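Comments concern the structure below.
The values are calculated or read from the model by the stated rules, or taken from the named source; none is laboratory data. No experiment lies behind these values; they were computed from the predicted model shown. So basically every Cβ, Gly included, is an ideal-geometry build from the backbone, and we count neighbours across all protein chains shown.
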């Protein structure tokens, strides 16, 4: 039931942490950041996921994304790498900043 629900966070209506919107955002971040993630951080992410995911599925209350906190360092690094890729130069097809008026 949490997949499409929203919540009021500090006065702003946002999708819940465990929603389809959040899952798609996490998937996009992981896809674009994983190939650029250094090997030690990949190992950390894999070990944390192997430990945290079964515990999350067995013992957490529905929608409690904070129980995946062992994955936060990996998510932060993946987010930084994905943003660097998305905000980086887009190739020669884009006009240079000095050419745009």
Point to revise | Pairs, first under 23 Å from residue 14 (Cα atoms) in the range 51-66, second modelled with pLDDT of 75 or more, C-beta under 6 Å, six or more apart | key: 56/67; 56/68; 60/67
Check your understanding: Going by the conditions given, is residue 30 modelled with pLDDT of 85 or more and closer than 25 Å to residue 86 by Cβ?
Key -> yes
